[in-house]
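A short write-up of the structure that comes next.
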């Protein structure tokens, strides 16, 4: 660090600020220090700094998978906001396995992360207790609860499912289906969907929960086949994510099933492919990136000693109706 300071013609304190709090240094000074760091090949000893300050400048984030671009958007929003404020992201994947979250939380706490972001609101009692005892800021995402571990930023999966149920009913569909992974968020969407469609007399509902949980075109093809086998007269299917829905639409094309004339299809997340596939896919649109940005802002407020105005942030959702339904 001393060599970097001499080359950049600044103090060692300024070098430390550029590394740990770049927003507090002028752009000219920051560029001079970064140029010196690059020229000298200096690697900051971040662990030593964290021991001295009791801050690691690392935020842990846990997602079910990075295969699904919808979670990637949340991570992008989270990472961009945190990086701009001098923090880095440590990422873990659970593969939709609850016990895996326990293990990752324990590992992250052992790495002395300054805060943590979780996907969903359902955790084991051990995880909830461990995080509460840690004293670090925690934001749960991708769902809502009035009893968060600490803070929550997301939307109601239950209400999103109900909204799609009401949409199908408004279009006149009475033999409807649902397919999704057997995991908490998809189950909440199914529960909301069931409530909405069963409120209308004469409506028939078939559903399939896929194991292992996840999202892929192949799984969508398989789910379509299972639902049609259960009820050959199905009029519309709500898939718990767009990847499943797109896979089902591809299978419909292979089998000569017309969408939406023979069967209507809707998904969840409103991914880019939803707009490009033919026919374009009806989907539930959620604010994926904004969820990450909101979580980051909440953490930054807490980490800098500011009060968080809203511990529960509902970012909402909307039904985007397209040609597939």
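The values are calculated or read from the model by the stated rules, or taken from the named source; none is laboratory data. Keep in mind that what you see is a predicted model, and the values were worked out from it rather than measured. Quick reminder, even Gly has a Cβ in these numbers, built from the backbone with ideal geometry, and neighbours come from all protein chains shown.
Values for this structure:
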| item | result |
| --- | --- |
| Number of positions in segment 224-238 that are closer than 11 Å to residue 262 by Cβ and assigned to a strand (DSSP E or B) | 1 |
| Residue ID - farthest from the chain's Cα centre (by Cα), chosen from residues in segment 257-284 that are closer than 17 Å to residue 174 by Cβ and buried (at least 24 other Cβ atoms within 10 Å of the Cβ) | 263 |
| Helices (runs of 4 or more DSSP H) within segment 114-217 that include 3 or more residues farther than 20 Å from residue 231 by Cβ, over 20 Å from the mean Cα position of the chain (by Cα) and assigned by TED's automatic domain parsing to the domain that holds residue 67 | 125-134 |
| Single residue of segment 92-108 satisfying the filter (crowded, with 16+ Cβ neighbours inside 10 Å and touching a strand residue (DSSP E or B) at 6+ places or on another chain (Cβ under 8 Å)) that is farthest from residue 131 (Cα to Cα) | 96 |
| Hey, residue 139 buried (at least 23 other Cβ atoms within 10 Å of the Cβ), under 19 Å from residue 63 (Cα atoms) and in contact with a helix residue (DSSP H, G or I) (Cβ under 7 Å, 6 or more places away or on another chain) or not | yes |
| Answer residue from segment 11-46, given it is over 27 Å from residue 81 (Cβ atoms) and in a loop (DSSP other than H, G, I, E, B) and is modelled with the lowest pLDDT among those | 41 |
| Condition met for residue 214 (surrounded by 18 or more Cβ atoms within 10 Å (Cβ to Cβ) and modelled with pLDDT of 95 or more) | no |
